[in-house]
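Below is one structure, written out as structure tokens, with a few remarks after it.
The values are calculated or read from the model by the stated rules, or taken from the named source; none is laboratory data. Predicted model, so just to flag it, every value in this text is computed and none were measured. When we count neighbours, we look across all protein chains shown, and the Cβ atoms used for this are built from the backbone with ideal geometry, even at glycine.
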Amino acid sequence: MEKKQYERPHIIKLEAGMPGKFGMRSESLPVTHIDGVSVKELTTNFGSPLFVLSERTIRSVYRKALKSFSTRYPKVQFAWSYKTNYLTAVCKIYHQEGSWAEVVSGFEYDKAIANGVDPARIIFNGPGKSADDLRKAANGGSLIHIDHLDELYTLTDLAGELPRKPLVAIRVNMDTGIYPMWDRFGFNYENGQAWDAINKIMMAGKLELVGLHTHIGTFILSAGAYGVAAGKLADLALGIRQKFGHDIRYIDMGGGFASKNTLKGSYLPGSDTNPTFDDYAEAITSALVNSGFRPDNLPLLILETGRALIDEAGYIISTVIANKRLSSGRRATIIDAGVNLLFTSFWYQHPITPAQGFSQYREDNTLYGPLCMNIDCIRESANLPLLNKGDRIVIHYTGAYNLTQWMQFITLRPNVVLIDEDSKPHVVRENEMLSTINGPEKTPPHLA
């Protein structure tokens, strides 16, 4: 019979805290496998910490989102948000599923082209497009979303030297009841900026206005706000039809849908309370079908959601380095994954589960990463069983933004593994080495 592991008794001060949905504590089972692959096997073969992505989950969530919208509206197109996760393997999965590309920089535009995306199926957003970016996108027939008047004037000036009219939309910001309102990007609906931009485009005749776009914010917990936004874009489109006899081809509702993550400060878990794809779809499509569009002339509905599609498919496997007691008596656990890898730990209370069996004793833990920085805190408080040095944990819902905003601060970036639909792991980005860091550096001769 295997000898049970000894756990040293310790008297601690009771810190009850606030009860959760199910009382004072919650139970969880260990997560020993991801898509049928052992966590222990993954770390043995690919190291720790380790990013893991589930192809099965990526495809399943995408199809669920598409179904939510396409059953309510006849013309729907998703465009994968490259800034959310631009690993080539991830982008190609979404493109295989039929998604276009939505990019916000020349780098991302070039990456989408390299991934085989038809330029006509690339949406170019963002406030920082250069003249070269605009020229390249216009020549390719991509959809350019104009963010400000300076960009409008630059593109109008370039149009005279281009072989075809640039295809454009304007980004519109508006009051949807969500505060603070995102009015940094685009042209305001309420004060007439949007109509000013539309009039300039239509009167000049050098650009072809094909769409209207909005992105009302990020991690929006009110589906109704999207209904307000869709109604205002529909009003603009119908006004353009009435004034200029010109039909808008598409309405792009952007992204910002909440994933299953739980925002810091939330009382209940996001997986139980955040809106679903059905909620967002009902609000948006109802606003469009109840507007004045003729049934035979409905605009294409484009969606650029990223986080809600990919978050659930991402995991970080991490290993316990040490345990200690803070001066308050609270247990602190140090793991080998820090905030340089898990940027979203500043926003979310990521679910954390042990990857091996554990005892029934639990207490509140503070989880720190390995960085020599006081801000390196993955969870300020997580009710966990006792974790010992060498134990593994799985951090859930990490697919969005971490693999585009991570950095090699103090520690190098680790392997990223994609588990395919046949439960076979593939390295889709190799771990960094010292040569990765030193490679681009140049040393002046007097320091060589």
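Might you check whether a residue that is surrounded by 24 or more Cβ atoms within 10 Å (Cβ to Cβ) and either basic (K, R) or within 27 Å of the chain's Cα centre (by Cα) (or both) occurs anywhere in the range 285-293? Taking every residue of the range 285-293 in turn, none turns out to be surrounded by 24 or more Cβ atoms within 10 Å (Cβ to Cβ) and either basic (K, R) or within 27 Å of the chain's Cα centre (by Cα) (or both).
Take the conditions within 29 Å of R184 (Cα to Cα), without any contact (Cβ under 8 Å) to a residue 40 or more places away in the chain and not charged (D, E, K, R) and apply them to F78. Does it pass? Spelling it out, it is not the case that F78 is within 29 Å of R184 (Cα to Cα), without any contact (Cβ under 8 Å) to a residue 40 or more places away in the chain and not charged (D, E, K, R). Checking every residue in the range 186-203 against the condition of being under 21 Å from the mean Cα position of the chain (by Cα) and within 24 Å of F78 (Cα to Cα) gives at least one match. Kindly indicate whether G205 is over 25 Å from T262 (Cα atoms), free of Cβ contacts under 8 Å to residues at least 12 places away in the same chain and assigned by TED's automatic domain parsing to the domain that holds L298. The answer is yes for G205.
Taking the criterion of being in contact with a strand residue (DSSP E or B) (Cβ under 9 Å, 6 or more places away or on another chain), closer than 17 Å to C377 by Cα, of a type in the set (F, W, Y) and buried (at least 16 other Cβ atoms within 10 Å of the Cβ), the only residue of the range 321-363 that qualifies is Y348.
Search the range 374-392 for residues being in contact with an Asp or Glu (Cβ under 8 Å, 6 or more places away or on another chain) and either at pLDDT 95 or above or not in a loop (DSSP other than H, G, I, E, B) (or both), and hand back the single one that is farthest from S359 (Cα to Cα). So, considering only residues that are in contact with an Asp or Glu (Cβ under 8 Å, 6 or more places away or on another chain) and either at pLDDT 95 or above or not in a loop (DSSP other than H, G, I, E, B) (or both), the one farthest from S359 (Cα to Cα) is S381. What residue, among those in the range 66-116 that are part of a loop (DSSP other than H, G, I, E, B) and crowded, with 22+ Cβ neighbours inside 10 Å, is nearest to the chain's Cα centre (by Cα)? Going through the qualifying residues, I end up with T84. Within the range 292-320, if we keep just the residues that are touching a strand residue (DSSP E or B) at 6+ places or on another chain (Cβ under 7 Å) and in a loop (DSSP other than H, G, I, E, B), the residue that is nearest to L367 (Cα to Cα) turns out to be G306. Residues of the range 274-321 that are among the acidic types (D, E) and out of contact with any helix residue (DSSP H, G or I) (no Cβ under 9 Å at 6 or more places or on another chain): D296, E304. Scanning the range 149-206 for residues that are among the aromatic types (F, W, Y) and surrounded by 15 or more Cβ atoms within 10 Å (Cβ to Cβ), which turns out modelled with the lowest pLDDT? Of everything passing the filter in the range 149-206, W182 is modelled with the lowest pLDDT. Within the range 169-189, residues that are over 11 Å from A229 (Cα atoms) sit with their Cβ atoms under 9 Å from residues that are of a type in the set (D, E) and assigned to a loop (DSSP other than H, G, I, E, B), at 6+ positions apart or across chains, in these pairs: I170/D147; R171/D147; M181/D175; D183/D175; F185/D147; G186/D147; F187/D147; N188/D175. Filtering the range 120-158 to residues that are over 26 Å from the mean Cα position of the chain (by Cα) and hydrophobic (A, V, I, L, M, F, W, C) leaves A131, A138, L149, L152, L155, L158.
Looking for something among the β-branched types (V, I, T), touching a residue at least 40 places away in the same chain (Cβ under 8 Å) and over 21 Å from S381 (Cβ atoms) - is there at least one such residue anywhere in the range 254-272? Scanning the range 254-272, I find no residue that is among the β-branched types (V, I, T), touching a residue at least 40 places away in the same chain (Cβ under 8 Å) and over 21 Å from S381 (Cβ atoms), so the answer is no. Considering each residue of the range 402-413 in turn, none proves to be in contact with a strand residue (DSSP E or B) (Cβ under 9 Å, 6 or more places away or on another chain) and either surrounded by fewer than 14 Cβ atoms within 10 Å (Cβ to Cβ) or without any contact (Cβ under 8 Å) to a residue 12 or more places away in the chain (or both).
When the range 58-78 is limited to residues that are touching a helix residue (DSSP H, G or I) at 6+ places or on another chain (Cβ under 9 Å) and basic (K, R), the one that is nearest to T398 (Cα to Cα) turns out to be R59.
State whether the residues of the range 268-283 include one that is surrounded by fewer than 22 Cβ atoms within 10 Å (Cβ to Cβ) and over 22 Å from the mean Cα position of the chain (by Cα). No: zero hits.
Pairing residues of the range 303-324 that are farther than 17 Å from K64 by Cβ with residues that are at pLDDT below 95, at Cβ distances under 6 Å and at least 6 apart in sequence or on separate chains, gives V320/L387.
In the range 215-224, is there at least one residue being without any contact (Cβ under 8 Å) to a residue 12 or more places away in the chain and either farther than 21 Å from P127 by Cα or in contact with a Gly (Cβ under 6 Å, 6 or more places away or on another chain) (or both)?
Taking every residue of the range 215-224 in turn, none turns out to be without any contact (Cβ under 8 Å) to a residue 12 or more places away in the chain and either farther than 21 Å from P127 by Cα or in contact with a Gly (Cβ under 6 Å, 6 or more places away or on another chain) (or both).
When C377 is tested against (1) touching a residue at least 40 places away in the same chain (Cβ under 8 Å); (2) in contact with a strand residue (DSSP E or B) (Cβ under 6 Å, 6 or more places away or on another chain); (3) surrounded by fewer than 19 Cβ atoms within 10 Å (Cβ to Cβ); (4) farther than 30 Å from K92 by Cβ, just one condition goes unmet, and that condition is (1). Selection of the range 396-448 for residues being touching a Pro at 6+ places or on another chain (Cβ under 9 Å) and among the hydroxyl-bearing types (S, T, Y) yields Y397, T411. Among the criteria (1) assigned to a helix (DSSP H, G or I); (2) of a type outside the set (G, A, S); (3) in contact with a Phe, Trp or Tyr (Cβ under 8 Å, 6 or more places away or on another chain); (4) more than 25 Å from T285 (Cβ to Cβ), the one E41 does not fulfil is (3).
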